[in-house]
Every structure is written in structure tokens, then in C-alpha cells.
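Novice: Here's a structure for you.
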Ligand SMILES: Cc1cc2nc3c(=O)[nH]c(=O)nc-3n(C[C@H](O)[C@H](O)[C@H](O)COP(=O)(O)OP(=O)(O)OC[C@H]3O[C@@H](n4cnc5c(N)ncnc54)[C@H](O)[C@@H]3O)c2cc1C
């Protein structure tokens, strides 16, 4: 690991000021610290976000529930349960207890790992990503594998999730890491259904528009019986071929509809 300085601000304003000189945010460190240990990152200065009370917690707000950017997965699993059970269940399936107690929602969606769970919930719910500078709709936020609309130094301060009528997340677990080999988040709102898929595509999380149209007309697993996704852009690795992942997308979507319904 290269040497680095650590700043531990107590307020968001101090964190934003500290980020000004090219520093990098540190949340749970579940991704960033292993990367630094392998000398694949040399941030120079880290700004820890976990000691800032205004970035913590789960509450109900206008238009949905609001989760502070530095809230660990274990807290979401517990405190979101009464507001948004499908989101709480997703958080409770992330990694293992150690990962859930350190990893944060802000770190997860800032990292935008193509197999991470929260990006599917955010895109599938039509969430709003709140930063120190602006609000970004999930549809405009996830730009590709490990790519987001965040500018350098921009901090995810909260994520606001509209709460659907019913929803479910079904993950086909990659057993070594517990990330999603394929994970599907289905959410049924009064004005239609959203389907977001993680783990499958070389372009990161995406919405399956054909399934959304079919399920908006008829919210049953049979509605998507004839639908398939092309394997062209799917991830192929030692855990599963592109064809296998394309197939799993359909299977997991049906299971999510059953679980939600
Ligand atoms: C063994 C293991 C299993 C895992 N399994 C799963 C799983 O099943 N599903 C899943 O979804 N994830 C999984 N993860 C990922 C984990 O849950 C974290 O979400 C992830 O590591 C990033 O969150 P973090 O808080 O640790 O971020 P960090 O590692 O601290 O930071 C990650 C990146 O985000 C940036 N960043 C952090 N916070 C913010 C912020 N608020 N604003 C802007 N930028 C920020 C950092 O600068 C860095 O670039 C797993 C991780 C491990 C190690």
C-alpha cells in the first residue's frame, strides 16, 4: 500500500472542502482498501465519510424513503424494512456480515460494480441520487461498468427511493464472492413496472424495457414467457458464459415477479 493521509471530517461541509484538492472519498473501504493494498490505487489523501452524522440513517421523506450516503448495508437491512421491504431484503443479502457492517450504499453506487446489488434497486425503483452538488435520476446516473455521472470530488449524500406497490430482488449468487451472477429487481408502480438487471451486462446495470412493457400490461410471470435478451453484450467469465447469463435474466425476472406478486 502506498502512503496516504486520512482526513476524518465531522460535517459534510468539511468533507466537501477536504475533497477539493484531489482527495478521494472513503466509506466502508470494502472495495477501495483492497484496491489500495494491491497498489492499484494511490489516492494520496482519503476523506472518511463514516463519521458524518448527516450522511447516516434511513427516514421517510417527500416521495419516498431517504437513505444517507454513508449508511451501512446492515442498517438499511434493519431500518428500511418497515418502509420498503424489498430494498431491506436486498441489503440483507449483500456479501457477509462483515461486508454489510462496513460497506455503504454511497460507496456501492459510486463504485457501480457491474455485479453489485444496489444499482439494480436504484435503477429499478427510479431512485434519485443526491450529492453535495445536485440530484441525479438513476436513469441518468449509471453510465456503464464502474462508470457513473459523478464528477471528481462529488459526494453521494443520500439516495431517495420511491416506494412501489410491490417489488422484489432475486439474485443468483456467485458463491465465492456473494455478488450477483445475475440479479433482477422488479418494482410495480401505479404507472408501470420497472425491471433492472445487474451482474449480466458488460455495460453494467440496465433496464429490460421489453419485460417492463409486458409486465406493465400483465404482472404475471407468463407475461414474459416468450421474451429473451441477446447474449452479445453479456459478461462471460469462469463463473458463467454470456448465453448462461442471458438465460438467467429471464429466469430471475420471472422469480422476482412471483416473489413480488
Ligand atoms: C467479500 C465481499 C463481498 C461483497 N458482496 C457484495 C454483494 O453481494 N453485493 C453488493 O452489492 N456488493 C457486495 N460487495 C461490495 C460492498 O458491499 C460495498 O458496497 C462496496 O465495497 C463499496 O462500498 P464501500 O462503502 O465499502 O465503499 P469504499 O470501498 O469506501 O469506496 C468505493 C468507491 O466509492 C467511492 N465512494 C465511497 N463513498 C462515496 C460517496 N458517498 N460518494 C462518492 N464516492 C464515494 C470511493 O472513493 C471509492 O472509489 C462485496 C464486497 C466484498 C469485499
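Novice: To the nearest 500 deg cm²/dmol, what mean residue ellipticity at 222 nm is calculated for the chain from DSSP H runs of n ≥ 4 alone, each contributing -39,500 (n - 2.57), summed and divided by the residues?
Specialist: Result for the chain, helices only: -8500 deg cm²/dmol.
Novice: At a temperature of 20 °C and a viscosity of 1.002 mPa s, determine how fast the range 153-211 diffuses translationally according to Stokes-Einstein, using the Kirkwood radius over alpha-carbon pairs as Rh; express D in µm²/s, rounded to the nearest whole number.
Specialist: 163
Novice: Counting other C-beta atoms within 10 Å, which of 21, 14 has the fewest, and how do the rest follow?
Specialist: If I rank by nearby Cβ atoms, fewest first, I get 21, 14.
Novice: Within 10 Å of each residue's Cβ, count the other Cβ atoms and sort 233, 191 from fewest upward.
Specialist: Ranked by crowding around the Cβ, least crowded first: 191, 233.
Novice: Quick one: go through the range 190-212 and flag any residue whose amide nitrogen is under 19 Å from the point 7 Å out along the Cα-to-Cβ line of residue 137.
Specialist: So the set is 190-197, 205-212.
Novice: Viscosity 1.306 mPa s, temperature 10 °C: give me the Stokes-Einstein translational D for the chain in µm²/s, with Rh taken as the Kirkwood radius over C-alpha pairs.
Specialist: D = 86 µm²/s.
Novice: Taking just the alpha-carbon atoms of the range 166-260, what radius of gyration and Dmax come out, in angstrom?
Specialist: Cα only, the range 166-260: 12.6, 40 Å (Rg, Dmax).
Novice: For the range 94-192, compute Rh as the Kirkwood radius over C-alpha pairs and then the Stokes-Einstein diffusion coefficient at 10 °C and 1.306 mPa s; write the answer in µm²/s, rounded to an integer.
Specialist: In µm²/s, the coefficient is 112.
Novice: If you don't mind, there's one more thing I want to ask. With the crude spin-label approximation of a point 7 Å out along Cα→Cβ, what separation in nm comes out for residue 225 versus residue 178?
Specialist: With each label placed 7 Å out from Cα toward Cβ, I get 3.7 nm.
Novice: Just order 193-200, 67-74, 3-10 by mean Cβ neighbour count inside 10 Å, highest at the front, would you?
Specialist: Result, highest mean Cβ count within 10 Å first: 193-200, 67-74, 3-10.
Each value in this text was obtained by applying a stated rule to the coordinates, not by laboratory testing. All values reported here derive from a predicted model rather than from experimental measurement. Reconstructed Cβ throughout: ideal geometry from the backbone, glycine too, with neighbour counts over all protein chains shown.
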